[in-house]
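> Structure incoming, see below.
The values are calculated or read from the model by the stated rules, or taken from the named source; none is laboratory data. Fair warning: this is a prediction, and the values are worked out from it, not measured in the lab. All Cβ positions, even for glycine, are placed from backbone atoms using ideal geometry, and neighbour counts span all protein chains on display. With ligands, DNA and RNA removed, areas are computed over all heavy atoms of the protein, side chains included. Shrake-Rupley method; radii C 1.70, N 1.55, O 1.52, S 1.80 Å.
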Amino acid sequence: MTEQGGNEFSCTIEVRWADSDRLGHVNNTKFIEYMQEARIKFFRSATFEHLPVVVRKSDVEFLRPVKDESGPLTVTITAVRLGTTSYTLRHTVVDVHGNVCGTGDVVLVGFDPATDTARALTADERRMLGQYLAVPVG
């Protein structure tokens, strides 16, 4: 299930059996996959023409282990920075018990595949992303 509300997007991500390592914890690389899966749901739910973007940087802070019984997880996304060609989305991953398991910031850059270069964000992109800004531009 996916929903929008206020300045954040929220969705549910299942913890899959194969996500765990030999210690019974979700492998750190899967955490980044959960963030990506939530971002895909975020973009699909948005009412704008989504143009190509590429990931420039990911920064993840692991706060609590995620285990098989931690799911389903809730991932919320907010925009924390909106620039000319790029923006930063913050992902917060919460387990079924309400514990924040980690956060991750991802910098996305508008991309022109014809020239392999950055492009300016469109007014439509800026409008949509502005709805999710954690701190309103003012």
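> Give all pairs with beta carbons closer than 6 Å in which a residue from segment 7-36 that is within 18 Å of Val106 (Cβ to Cβ) meets a residue that is part of a helix (DSSP H, G or I) and of a type outside the set (Val, Ile, Thr); count only pairs at least 6 apart in sequence or on separate chains.
Listed pairs, sorted by first residue: Phe9/Phe42; Cys11/Ala38; Cys11/Lys41; Ile13/Tyr34; Ile13/Glu37; Lys30/Asp19.
> For segment 24-74, give me each residue that is basic (Lys, Arg) and either under 22 Å from Asn7 (Cα atoms) or in a loop (DSSP other than H, G, I, E, B) (or both).
Arg39, Lys41, Arg44, Arg64
> Taking Thr12 and the conditions (1) closer than 19 Å to Gly98 by Cβ; (2) outside any strand (DSSP E or B), which numbered condition does it fall short on, given that it satisfies the others?
(2)
> Restricted to segment 1-14, and to residues that are closer than 13 Å to Ala38 by Cα and modelled with pLDDT of 85 or more, which residue is surrounded by the fewest Cβ atoms within 10 Å (Cβ to Cβ)?
For segment 1-14, the residue satisfying everything is Glu14.
> Restricting attention to segment 107-136, and to residues there that are open to solvent by 70 Å² or more (accessible area, probe 1.4 Å) and of a type in the set (S, T, N, Q), which single residue is farthest from Leu82 (Cα to Cα)?
This residue is Thr115.
> Using beta carbons and a limit of 7 Å, which pairs, at least six apart or on different chains, have the first residue in segment 67-78 and more than 23 Å from Leu23 (Cβ to Cβ) and the second one in a strand (DSSP E or B) and of a type in the set (Phe, Trp, Tyr)?
Thr76/Phe9; Ile77/Phe9
> If you go through segment 85-113, how many residues are among the small types (Gly, Ala, Ser) and free of Cβ contacts under 8 Å to residues at least 40 places away in the same chain? Steps first, answer last, please.
Restricting attention to segment 85-113, the residues satisfying the condition of being among the small types (Gly, Ala, Ser) are 86, 98, 102, 104, 110.
Keeping just the survivors that are free of Cβ contacts under 8 Å to residues at least 40 places away in the same chain gives 86, 98.
Looking only at that region, the number is 2.
> Could you list all residues from segment 46-64 that are open to solvent by 60 Å² or more (accessible area, probe 1.4 Å) and out of contact with any strand residue (DSSP E or B) (no Cβ under 7 Å at 6 or more places or on another chain)?
If the condition is that a residue be open to solvent by 60 Å² or more (accessible area, probe 1.4 Å) and out of contact with any strand residue (DSSP E or B) (no Cβ under 7 Å at 6 or more places or on another chain), then Thr47, Glu49, His50 are the ones that fit.
> Let me ask something additional. If the requirement is being among the polar types (S, T, N, Q) and more than 15 Å from the chain's Cα centre (by Cα), which of these qualifies: Thr117, Thr103, Thr92, Thr88?
Of the residues listed, the single one that is among the polar types (S, T, N, Q) and more than 15 Å from the chain's Cα centre (by Cα) is Thr117.
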